[in-house]
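To start, the structure itself, in structure tokens.
The values are calculated or read from the model by the stated rules, or taken from the named source; none is laboratory data. Note that the structure is a prediction, hence the values are computed from the model and not measured. Quick reminder, even Gly has a Cβ in these numbers, built from the backbone with ideal geometry, and neighbours come from all protein chains shown. Ligands, DNA and RNA are stripped out before the accessible areas are found, and what is left, the full protein with its side chains, is counted by its heavy atoms. Shrake-Rupley method; radii C 1.70, N 1.55, O 1.52, S 1.80 Å.
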Amino acid sequence: MARIVMKFGGTSVADLDRIRNVASRVKREVDAGNEVAVVVSAMSGVTNQLVAWCNGLSPLHDAREYDTVVATGEQVTIGLLAIALQAIGVEARSWQGWQVPIRTDNAHGKARIEAIEGAELIRRMQAGQVPVVAGFQGLGPDNRVTTLGRGGSDTSAVALAAALKADRCDIYTDVDGVYTTDPRIVAKARKLDKISYEEMLEMASLGAKVLQTRSVELAMKERVRVQVLSSFEDKPGTLIVDEDEIVEKAIVAGIAYSRDEAKVTIRRVPDRPGIAAAIFGPLAEKSIHVDMIVQDVSADGTTGLTFTVGKADLKRALASIEAAQKTIGYAELQSADNVAKISVIGVGMRSHAGVASRMFKALAEKGINIQVITTSEIKVSVLVDEAYTELAVRALHSAYELDAA
Ligand code: ADP
Ligand code: ASP
Ligand code: MG
């Protein structure tokens, strides 16, 4: 007997037949003698619609009211799944985030879970009831509903698994595991039996939407055993494990891409101490996250800076820099949002040279120009024209010999 948290994403609960399918999967685990808690997302497309409604009324809406609206999608699916479970003889009850409660900080729209009171859920699971918990939602210190950012139900599930001291957290989705890259754009992507927490963390934060980044961070910190698997087929999925559990380590584990960033270039800035602080300080104060940064000095003694911010933050970032024009003293400000960040990831890079140069060569062979480069111990990222996203990902997938036979 085990204690399991099962999480089902939007496509897995997209209509009544799929909700019935989820209910029968849950029943199977219950019938096998396990204690089960379930976390569900909103039906697919619902959260997008709710977000669009908020933006339609006001792009600069009150984040607390945004949360009130977007949290409703999950309320529908927990009720429906509880009904579907009861209909096949499984004792079940729905739980909204605030009812558990799942306590978060006050960052409406991208809140972080701080504590989950799990005792009552454990008591009920031991008595044979299945709690069906709304993903994505929490309760803020202001006593109002919060949400965890897009894709946040993964994080709800991992946090719940930690709070309930579950043996496993099974993330059921519309693909049968974590692949070497997004299987929807590379037909030759290969499913990984195992991936290390660190590689999964990089893959998620560099754009692979299969798990929310925060869920991987939490799993790593709380030692939660996470498995990604299909809600439609009975097949083994992908286990997220410690690095030393992987026997055959590939140099590159996978390739990720993100179309969510925009590029900002500031030209002809006086080259003196304090300039970077004058640019990035105000951005940080506005919680605008800056990712890739390059600086180059030209012969005339001025410098140029190029960096990326989230597409959603571009307008605010430009306004911030324009407001500081006098302090910074730049001559030109430009931006582009038709860019994509392509990253290769692998713990094997720590001990192998030549990973980056192979990347540059493969892109050059396809005539793809690199705009910005950043590296860390286990990843190399480049910024390219968005139109080349798929071509670049496919070329790199072949170049690192990741293609399935
Ligand atoms: P859910 O609604 O179940 O949370 P998501 O759409 O959030 O599902 O995540 C699953 C999707 O992640 C897949 O359909 C796939 O297109 C995408 N994806 C991106 N990169 C990868 C990858 N490396 N492995 C598997 N899926 C990936
Ligand atoms: N329903 C939310 C979203 O679409 C949370 C999730 O699906 O994980 O972002
Ligand atoms: Mg998701």
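Remarks
- Every residue from segment 167-184 that is assigned to a strand (DSSP E or B) and open to solvent by less than 10 Å² (accessible area, probe 1.4 Å): 169, 170, 171
- Residue 249, sole failed condition from (1) out of contact with any helix residue (DSSP H, G or I) (no Cβ under 6 Å at 6 or more places or on another chain); (2) basic (Lys, Arg); (3) at pLDDT below 95: (1)
- Residue in segment 185-196 that is farther than 30 Å from residue 61 by Cβ, within 12 Å of ligand 1 (Cβ to nearest atom), out of contact with any strand residue (DSSP E or B) (no Cβ under 7 Å at 6 or more places or on another chain) and outside any helix (DSSP H, G or I) present: yes
- Restricting segment 44-83 to residues that are touching a residue at least 12 places away in the same chain (Cβ under 8 Å), of a type in the set (D, E, K, R) and more than 9 Å from ligand 2 (Cβ to nearest atom), the residue that is farthest from residue 24 (Cα to Cα): 64
- In segment 137-147, the residues that are in contact with a helix residue (DSSP H, G or I) (Cβ under 9 Å, 6 or more places away or on another chain) and either free of Cβ contacts under 8 Å to residues at least 12 places away in the same chain or open to solvent by 10 Å² or more (accessible area, probe 1.4 Å) (or both): 139, 142, 143, 144, 145
- Boolean, residue 109 is modelled with pLDDT of 95 or more and not in a helix (DSSP H, G or I): no
- Output for segment 84-116, where each listed residue is free of Cβ contacts under 8 Å to residues at least 24 places away in the same chain and under 15 Å from residue 134 (Cβ atoms): 99
- Residues of segment 192-225 that turn out to be in contact (Cβ under 8 Å) with a residue 12 or more places away in the chain and either closer than 24 Å to residue 340 by Cα or under 15 Å from the mean Cα position of the chain (by Cα) (or both), as a count: 23
- In segment 70-111, the residues that are of a type in the set (Asp, Glu), within 27 Å of the chain's Cα centre (by Cα) and open to solvent by 10 Å² or more (accessible area, probe 1.4 Å): 105
- Qualifying residue in segment 377-384 (condition: at pLDDT below 95, closer than 25 Å to residue 305 by Cβ and not hydroxyl-bearing (Ser, Thr, Tyr)): yes
- Within segment 338-374, if we keep just the residues that are outside any helix (DSSP H, G or I) and among the charged types (D, E, K, R), the residue that is surrounded by the most Cβ atoms within 10 Å (Cβ to Cβ) turns out to be 341.
- Segments classed as strands (runs of 3 or more DSSP E), wholly inside segment 233-311, with at least 3 members that are open to solvent by less than 30 Å² (accessible area, probe 1.4 Å) and not hydrophobic (A, V, I, L, M, F, W, C): 302-310
- The set of residues in segment 375-398 being buried (at least 17 other Cβ atoms within 10 Å of the Cβ), assigned to a strand (DSSP E or B) and hydroxyl-bearing (Ser, Thr, Tyr) consists of 381 alone.
- Qualifying residue in segment 50-69 (condition: within 16 Å of ligand 1 (Cβ to nearest atom), of a type in the set (Ser, Thr, Tyr) and surrounded by fewer than 23 Cβ atoms within 10 Å (Cβ to Cβ)): no
- Residue match in segment 132-152 (condition: more than 15 Å from ligand 2 (Cβ to nearest atom), aliphatic (A, V, I, L, M) and in a loop (DSSP other than H, G, I, E, B)): no
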